[in-house]
Structures are given as C-alpha cells and as structure tokens.
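Just so you know, all these numbers are worked out from the coordinates, no wet-lab data involved. What you are looking at is a predicted structure, and each value in this text was computed from that prediction instead of being measured. Cβ: placed from backbone, ideal geometry, glycine included. Neighbour counts: every protein chain shown.
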C-alpha cells in the first residue's frame, strides 16, 4: 500500500513540473520581439525601363545616269609555265620545264606540248583542228609549233619535209619522214612513239634520243 502511494506522488510531481515548463516557454514566446519589415516615408526610387528601338533599314538607291556602279576588275592572264635555269629543258614527272635562257617562242612550244601529255594517240588527230581529243605524231608537233607562233595550220609528215630550213636548229629540230615526225625541243624529244613499248601512245616528252636514219632534219628559221 505504501508503494502505491509513493508511485502516485512521483507521477503527480512529474506531471506538474512538465506543465510548469510549458507555461514558462509560452510566456517567453509571447514576450519575444517580432521582426518588422523595413518601412520608410521617403518617395520610392524611380524605375528605369529599357526598350528596343529598331534601326532604320537602309534602302538600295536606284542607279541613275550620274551614278554608275564601279566596274568589275579584270583579271590579267598570260601564257606561262614551269622553267629551269640554264639552256636545256628538264623533264619531271612527265612535265617539261623550259630553260630560262630560251627564247619566248621555245618556252611557249614546250608549255603548249605539256598540255598534250595525257592525250591518246589518234591517227589524223590534231589536223582538222589544233584542239582535238587525241593527236598523231605530226599533229602533236604542229600543235607545239602553232602555239609558239611558228605555224599557221597543221602539217602532215610529208609537208614537214619542206618546213623551215634544212638541218638541225639551235633550239628546235624537227625530224620528218613519210609516215612519222617528231621534234627535239631544248634537248627533250616530243614524240608519240614510246621506244620502250614500241607503240604509239600519244604525245609525250622523252629524255632519250632515237635513231634518225631515214629522217630529214628541219628547223624553224632563226631557231
């Protein structure tokens, strides 16, 4: 019986203490200061607004007689090609380099023949027109001489027997016989016959010479 009395007194004391603590915290919360928002009686600062002002679009002015557009510049072109120092042409990867000391006509002949180095052999090619899809031997030589200003119309091999002057030239020598023609220009052979294959392959440059027995040597006057 005494034990139950002690237990009741302990429970009552604990409950009373908790209630007092809650009342004490409530009084502290009621008396705590409250944070206020800032407030002023001054006039508010002005608000600046940004806005987009579109630019005026320029308009094209009509062309009048007093105001004409600037002329389009013209690009100047000239016939030129690779050169090498000295007096002999040099062959590099199928392209002939004209000697720097050669006359302009010789250089022009070499550079013109360079444009034919991928053309096939076509019998009669280059005779109906200097510009053709393929060339034969005399057509190739005629093409080079024409672009050097040394020939007005294509010639067949037989007619090259009477071209220019007899004998070897200083810069250009044409070897002609009935049925075939080739030329030596600044030391390189312009020929449609590849001696290694023994067949006509088209206009090409070669560094090796060939047997000239049976050929007549001719050259342009002065060259």
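Checked against (1) surrounded by 24 or more Cβ atoms within 10 Å (Cβ to Cβ); (2) closer than 25 Å to residue 88 by Cα; (3) touching a helix residue (DSSP H, G or I) at 6+ places or on another chain (Cβ under 6 Å), residue 125 meets all criteria but (2). Within the stretch 105-133, the residues that satisfy the criterion of being touching a strand residue (DSSP E or B) at 6+ places or on another chain (Cβ under 8 Å) and over 23 Å from residue 80 (Cα atoms) are 120, 121, 122, 125. Just one of the listed residues (174, 185) is without any contact (Cβ under 8 Å) to a residue 60 or more places away in the chain, buried (at least 16 other Cβ atoms within 10 Å of the Cβ), closer than 20 Å to residue 102 by Cβ and touching a strand residue (DSSP E or B) at 6+ places or on another chain (Cβ under 8 Å), namely 174.
Residues in the stretch 203-223 that are out of contact with any helix residue (DSSP H, G or I) (no Cβ under 8 Å at 6 or more places or on another chain) and either surrounded by 20 or more Cβ atoms within 10 Å (Cβ to Cβ) or not in a strand (DSSP E or B) (or both): 13 in all.
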